[in-house]
């Protein structure tokens, strides 16, 4: 069956599945789970590749003019999801000095009588959040909202009673905004405050059944460890974290994979029931390796590319990028920035990695989408370890193999349809391709990536049916 026929068939299935009575709540803008449980689709049945950016402190650190600049930049660079903290802490204020809460109590949002954020004078913290959400919607961006960052719960600043009232407030306020995704948690193990996280998840779901939701976990952990089977949890998320192999301290964790984020995705991919999964926080560009010692080497654009292609080719439905300066909206006037940012956010939005992320999204959307599966049997012979690992994925009529180091590797042909395949090298740094040639689709063939083998000389081998 050719690609066009598959799209037509999927459209028919979608129409049959939804029918007139079950039309998606937000129409074509709705986000839904694909029939096979692996991917996101929009309400009209089109594939949705999540390309996220961590703008964690957007609500509190940027004014409205800056917000528009940031959101427009991310739109132009192909991002479609912005991950944001609603409350970084219970004492949260925005750039205008508006407090979010009364008495640092999440059950008591501080609201003005006149909720008119279009008036530059009369608005409160929540009106400003509304403004940002609506501004993002106008640009076609989804907002993945973390209700309250995990440390607040771990430090007992939020209890179950407060959490229930707060979650109900959030759900009812944003239930009619089409561009909302819920990220319960926030850099925390599900076991730290389990009852609070369960309360938030169940309360949001009870009051807002039409937005997707997951849990943003601690570094080197996966949300599936606690919430895979939770009824409120629609998809899984990992945080592969910011440490290099030699810094890893997660040996005591059930899933001990170090930098190999593809292993977390591979583990989630095997779980039942089937749910989509994603790396929602890999190492940020320009953040010190290990986070806390600013003298350490910093993660680069090649590292964020590696995490992206590794995780997506292992079966993830998208990827979230992050930059040290952008995630905290750093300005030189900040007295106590975290993790030693160098460039201000307005400069860092143009970091190399941020510009390169769209090429991953474009590559995935250029091929048939819903039949794609991870398949390491495409790699013939012994695969490499750590940075030398080749990660492979394929559909019925194409195969993609990613190498981070550009070393020679061999491919088992015949895994896709067609007597012949056209081969090319796709450059994750530029989004451009170099044609290799056409080959008979059988046997084992060795491929030699352009350039000399080195970390960051990454390429994708693209094999397509002829």
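Read-outs: derived from the displayed coordinates by stated rules, not from any lab. Just so you know, these numbers come straight off a predicted model, no measurement behind them. Because the Cβ atoms are built from the backbone with ideal geometry, glycine has one as well, and the counts that use them run over all protein chains shown.
Label segment 215-311 by shape, choosing from rounded, prolate and oblate, from the square roots a ≥ b ≥ c of the eigenvalues of the Cα gyration tensor; if a/c is under 1.5 it is rounded, and otherwise prolate applies when a/b is larger than b/c, oblate when it is not.
prolate
Run the numbers on the chain and let me know its relative contact order in percent, using alpha-carbon pairs under 8 Å that are six or more apart.
Relative CO of the chain lands at 12 percent.
Stick to the Cα atoms of the chain, pair each with every other, and give me the Kirkwood hydrodynamic radius in Å at one decimal.
Evaluated over the chain, this radius sits at 22.9 Å.
Between the helical axis of 160-174 and the dominant principal axis of the chain, each derived from Cα atoms, what acute angle in degrees is found, rounded to the nearest 10?
Helix 160-174 and the main axis of the chain meet at about 70 degrees.
How far, in degrees from 0 to 90, does helix 194-207 lean away from the longest principal axis of the Cα atoms of the chain, to the nearest 10?
Helix 194-207 and the main axis of the chain meet at about 90 degrees.
What value, in deg cm²/dmol to 500, does the helix sum -39500 (n - 2.57) over DSSP H runs of n ≥ 4 give at 222 nm once divided by the residues of the chain?
-8000 deg cm²/dmol, from helical runs alone.
Can you tell me how much longer the chain between residue 295 and residue 247 gets when fully stretched, taken as 0.36 nm per residue apart minus their C-alpha distance, in nm with one decimal?
This chain segment gains 15.9 nm when fully extended.
If one takes the longest principal axis of the Cα atoms in the chain, at what angle in degrees, from 0 to 90 and to the nearest 10, does the Cα axis of helix 352-365 lie?
60 degrees
Using a Förster distance of 25 Å, how high is the FRET efficiency between residue 335 and residue 194, based on the Cβ-Cβ distance and rounded to 0.05?
0.10
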